[in-house]
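The block underneath contains the structure these notes are about, expressed in structure tokens.
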Amino acid sequence: MDNPSWSTQPYYQMDTNKKPSTSNWPLWRKIVFRFLFIFFAFFMAPWPWLDSIPGVKFVAKYWDKLTNWIVHLFNAKLFHVKDVLVPPAGSGDTSYGWAELWTYLLLAAVGCVVWSALDRKRANYTHLNYWLCQFARYFVAYVAFVYGIEKVFAVQMVFPSLHQLATPLGDLLPMRFSWLFIGYSTPYQIFSGIMEVFVGVLLLWRRTASLGAFVATGVFINVVMLNLCYDIPVKIFSIEMAFACLFLLANESERFICFFVLNKPANPCSIYHFEYKKKWMRISRIVLKVVFILVAVGYHAFTNWGYRKQEHETAKKQAIENGLYVVANYSVGNRNTPLALTDTLRWQDIVLEDGRGSIRTSDTTFRQRYSRAYFSYTIDSVKRTIAFRRRMPNDSLVALVDMRYSRPDKNTIKLWGTHGTDSVFLELKKSNHIFHLADRQFHWLNEQVR
């Protein structure tokens, strides 16, 4: 019969082969632990990651409302990052992201002070540290699987599109340049993904968790440096991930110092090794790990395989082929506009590529990026019309130009319609320009620098 005094007997006990320190912790360590415990509780809150699970979405909804209210309150009263906070949307380093970070740090500091005052006689937090390390370990593993599997299927960074190939190098921003650098080489992207998946696999098992934390630190510090040096807008999250890895390493600092620095025997790892005494807890532990693997690995592998399959499906033959087209004739209001370097509004060339397009022009009717005007388009081959639309982030499609088209020959497209209040006529000639970067050149033997 189970001992009814459950409050005095833990459901788990330390493995007899592992002996984590149960002695008195120094004051500084207890203070640091309290601060980190509260901060990680906010940073690693699982609700946003699990909101697709029935029931969890309800919790995530109110968690988001609560944190959003607190962040805006603290920003208005204390931080003043920006008068109107911009929420994360593709970028995690928005004004809201920074206000959220300062909020978590402040709450962790205040909570640490209160906790220290109320619990100052505590000798150590060995058992609570075990749970924090467990959560941090699986959180890092989850993130490693998510981003690693994307790279293994080569869908996170894609090969440069025609729009990007037609953009002068000097017009690209550092973030886009770094994205294209990785996306250019599929083998390199897959290799980097395998390393991240390898981290996740190592962290899943207690016997290899120490090695996993060590490798994860190197992987995520490299990510941090990429984000900092190429102005990639995931700086806050990547730094927090690297910090979580360092936290796991710090828990085994004595072991690593003995092995790598002092050349002395290192004690066995103890922070992950507890023996659960209750049968239902041992079963629950196995079930939860299986569910974690199915979600972190199975679900994301299946999703990214679908993306990859969609990319490689045979494209339907379109009435207008993908390609780079030079604007040979450009008439506005029945007045022909000759090509002139000083005329930045004139359409100079157009890229058409699978429903997306860009024009070399400074015409602000379109969305301007990298010295090009971007749009989306749809073709009606029956009515022989092409509809240009402007797609803005988080916005619906905005109508721009509807034109009729004709194909005098396979290399020529004629477009006419109304742009604003003026009638417009364009004659496009398909360019034979060869982008050498698209050749994916590789040479074992290099007689000269290319």
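Observations on the model:
- Of all residues in segment 261-281, those that are closer than 21 Å to LEU204 by Cα and outside any loop (DSSP other than H, G, I, E, B) have Cβ atoms under 7 Å from Cβ atoms of residues that are hydroxyl-bearing (Ser, Thr, Tyr) and modelled with pLDDT of 85 or more, 6 or more apart or on another chain, in PHE274/TYR130.
- When LEU262, LEU203, LEU246 are checked against the criterion of being aliphatic (A, V, I, L, M) and at pLDDT below 95, LEU262 stands alone in meeting it.
- Residue within segment 237-258 that is surrounded by 16 or more Cβ atoms within 10 Å (Cβ to Cβ) and either farther than 27 Å from LYS30 by Cβ or outside the structural domain of PHE135 (by TED's automatic domain parsing) (or both) present: yes
- If you go through segment 174-185 and keep only what is part of a loop (DSSP other than H, G, I, E, B) and loosely packed, with under 13 Cβ neighbours inside 10 Å, you end up with nothing.
- Contacts under 6 angstrom Cβ, first residue in segment 232-247 being in contact (Cβ under 8 Å) with a residue 60 or more places away in the chain, partner aromatic (Phe, Trp, Tyr), 6 or more apart: GLU240/PHE43; MET241/PHE220; CYS245/PHE220
- Cross-chain or 6+ apart pairs with Cβ under 8 Å, segment 47-73 first and closer than 22 Å to ILE293 by Cβ and modelled with pLDDT of 70 or more, then surrounded by 11 or more Cβ atoms within 10 Å (Cβ to Cβ) and among the β-branched types (Val, Ile, Thr): TRP47/VAL56; TRP47/VAL59
- Filter result (more than 15 Å from LEU400 (Cβ to Cβ) and not aliphatic (A, V, I, L, M)) within segment 373-386: ASP380, SER381, LYS383, ARG384
- Any hit, segment 99-120, residues being in a helix (DSSP H, G or I) and touching a strand residue (DSSP E or B) at 6+ places or on another chain (Cβ under 7 Å): no
- When PHE198, PHE214 are checked against the criterion of being in a helix (DSSP H, G or I), under 20 Å from the mean Cα position of the chain (by Cα) and not basic (Lys, Arg), PHE198 stands alone in meeting it.
- On the stretch given as segment 321-352, residues that are among the basic types (Lys, Arg) and in contact with a helix residue (DSSP H, G or I) (Cβ under 6 Å, 6 or more places away or on another chain) total 0.
- Filtered residues of segment 345-387 (kept if free of Cβ contacts under 8 Å to residues at least 40 places away in the same chain, within 30 Å of the chain's Cα centre (by Cα) and in a loop (DSSP other than H, G, I, E, B)): ASP354, GLY355, THR364, PHE366
- Any hit, segment 303-320, residues being small (Gly, Ala, Ser), modelled with pLDDT of 75 or more and in a helix (DSSP H, G or I): yes
- Residue in segment 405-431 that is surrounded by the fewest Cβ atoms within 10 Å (Cβ to Cβ), counting only those that are basic (Lys, Arg) and over 40 Å from the mean Cα position of the chain (by Cα): LYS410
- Any hit, segment 92-106, residues being charged (D, E, K, R) and buried (at least 17 other Cβ atoms within 10 Å of the Cβ): yes
- Look at segment 143-155: where a residue is assigned by TED's automatic domain parsing to the domain that holds GLY298 and a partner is outside any helix (DSSP H, G or I) and among the polar types (S, T, N, Q), sitting 6+ places away or on another chain with Cβ atoms under 6 Å, you get GLU150/GLN156.
- Of all the numbered requirements in (1) more than 30 Å from TRP305 (Cβ to Cβ); (2) surrounded by fewer than 19 Cβ atoms within 10 Å (Cβ to Cβ), CYS112 misses one, and that requirement is (2).
- Evaluating ILE239 against the criteria (1) modelled with pLDDT under 95; (2) hydrophobic (A, V, I, L, M, F, W, C); (3) within 23 Å of LEU105 (Cα to Cα) leaves one unmet condition, (1).
The values are calculated or read from the model by the stated rules, or taken from the named source; none is laboratory data. Source: prediction; values computed, not measured. With ideal geometry, Cβ positions are generated from the backbone for all residues, glycine too; neighbour counts draw on all protein chains shown.
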